[in-house]
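Participant: Handing you a structure now.
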Amino acid sequence: MNTNLLDLDLDGLAAFCEGLGEKRFRATQLFRWIHQRGARDFAQMSDLAKSLREKLAVHARIEGLSVISSHESADGTIKWLFDVGGGNAVEAVFIPEDDRGTLCISSQAGCAVGCRFCSTGHQGFARNLTTGEIVGQLWFAEHFLRGHLKTGERVISNVVMMGMGEPLQNYSALVPALRVMLDDHGYGLSRRRVTVSTSGMVRNIDKLGEECPVALAVSLHAPNNELRDHLVPLNRKHCLEDLLDACNRYLEHAPRDFITFEYCMLDGVNDQPEHARQLIDLVKHHGGTGVPCKFNLIPFNPFPESGLTRSPHKQVVAFAKLLSDAGIVTTVRKTRGDDIAAACGQLAGDVQDRTRVGERIARQRTIMLKPVPAAMAVRDEE
């Protein structure tokens, strides 16, 4: 079977071309045609030798994702649902701002982490995406938007790996995709403008820092292990202390001098003043020096299966003030695209549940609906 060139970063494409008896500069030309110009037909690549184009027609293809549907929000947000085969689909979301265009990309069909407040997690896990399927979301969106907005300029300036899935559980496909995004012959994105969001896979945070450091966002959502165990099940494997240690190690390589902590505001669960005070103590004093960070408070987007509700705006503002008054940069994320189910935590798509996640979450709901003591102390490291 021939090779989908969207699966290859520039080094991979160079090796592929060498296998065809071609020099590296041909790979660079081909890479530019694919990613900078959005070409999918080798015949239109006019500066490639005819002999190379003939070889490519036999041994290679440029195959993107089929679009099942697209929806545009009243605020300009666009959500695409892509077919990835086997009855599975993934979503990508474009969020326009005055000073940037951000694309939120999926890394898995479904998600195995099962965070209690995320509708994607309630769908269960189907499979990891390939590098080509990850890159294909950016490839499609960038070149579609240029036509849609009638511009020859680059539209997408920021990419966030915050769509469906836990990116660091798909590490081997993620890193080549990031390299395509960062490559000047590809999309030329700044490391500061590409963000990987993780729920806390400690070992792969370390690997990413060594191999392809970009901006890092960590889904924190709780100030202590007892509460985080219930909200983010991965915490039972990688506790807060280990996670914060990994964050500090990552900062030795990161393009930014802080970690972004994502914190979904859940009414009566993690939004009390005592929770804010615990967070302040956690990030200011962990390891004796603390963790340089900023907080992004996320309004929860309710869905029936969660049994959770959004914190009142007044409560969110009060929570943010406590963090800000302690000298921690804190923002409250604006909800975007919630009228098309494109807001944070709403990316569920059409994913087959092969992990019986519904049963597991039903067992947990009894625990979650019980009042959580606001003054839970952070447990000692085992």
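The values are calculated or read from the model by the stated rules, or taken from the named source; none is laboratory data. Small disclaimer: the values here were computed from a predicted structure and weren't measured. Backbone-built Cβ (ideal geometry, glycine too); neighbour counts: all protein chains shown.
Participant: Among (1) farther than 21 Å from His143 by Cβ; (2) in a helix (DSSP H, G or I); (3) not aliphatic (A, V, I, L, M), where does Asp99 come up short?
Facilitator: So the condition that Asp99 fails would be (2).
Participant: Another question, if that's okay. If I ask for residues that are closer than 22 Å to Gly38 by Cβ, β-branched (Val, Ile, Thr) and either without any contact (Cβ under 8 Å) to a residue 40 or more places away in the chain or in the same structural domain as Asp7 (by TED's automatic domain parsing) (or both), which ones from the stretch 144-195 would you list?
Facilitator: Selection gives Thr151, Val194.
Participant: Which of (1) over 17 Å from the mean Cα position of the chain (by Cα); (2) surrounded by 16 or more Cβ atoms within 10 Å (Cβ to Cβ) is the odd one out, the single condition Gly287 does not satisfy?
Facilitator: Answer for Gly287: the failing condition is (2).
Participant: Still on this structure: Restricting attention to the stretch 95-117, which residues are at negative phi and within 13 Å of the chain's Cα centre (by Cα)?
Facilitator: Result: Thr102, Leu103, Cys104, Ile105, Ser106, Ser107, Gln108, Ala109, Cys111.
Participant: Could you say whether any residue in the stretch 166-180 is touching a helix residue (DSSP H, G or I) at 6+ places or on another chain (Cβ under 9 Å) and in a strand (DSSP E or B)?
Facilitator: Checked against the condition, which is being touching a helix residue (DSSP H, G or I) at 6+ places or on another chain (Cβ under 9 Å) and in a strand (DSSP E or B), the stretch 166-180 yields no hits at all.
Participant: Are there any pairs with C-beta distances below 8 angstrom linking a residue in the stretch 10-34 that is without any contact (Cβ under 8 Å) to a residue 24 or more places away in the chain to a residue that is of a type in the set (Phe, Trp, Tyr), with the two at least 6 apart or on different chains, and if so which?
Facilitator: Listed pairs, sorted by first residue: Leu13/Phe31; Ala27/Phe16.
Participant: On to the next question. Take residues that are within 23 Å of Leu178 (Cα to Cα) and tell me which of the helices (runs of 4 or more DSSP H) falling wholly in the stretch 188-251 contain 2 or more.
Facilitator: Helices (runs of 4 or more DSSP H) meeting the threshold: 202-211, 240-250.
Participant: Any idea which of (1) outside the structural domain of Asp183 (by TED's automatic domain parsing); (2) in contact with a helix residue (DSSP H, G or I) (Cβ under 8 Å, 6 or more places away or on another chain); (3) part of a loop (DSSP other than H, G, I, E, B); (4) surrounded by fewer than 20 Cβ atoms within 10 Å (Cβ to Cβ) is the one Ser46 doesn't satisfy?
Facilitator: It is condition (2) that Ser46 fails.
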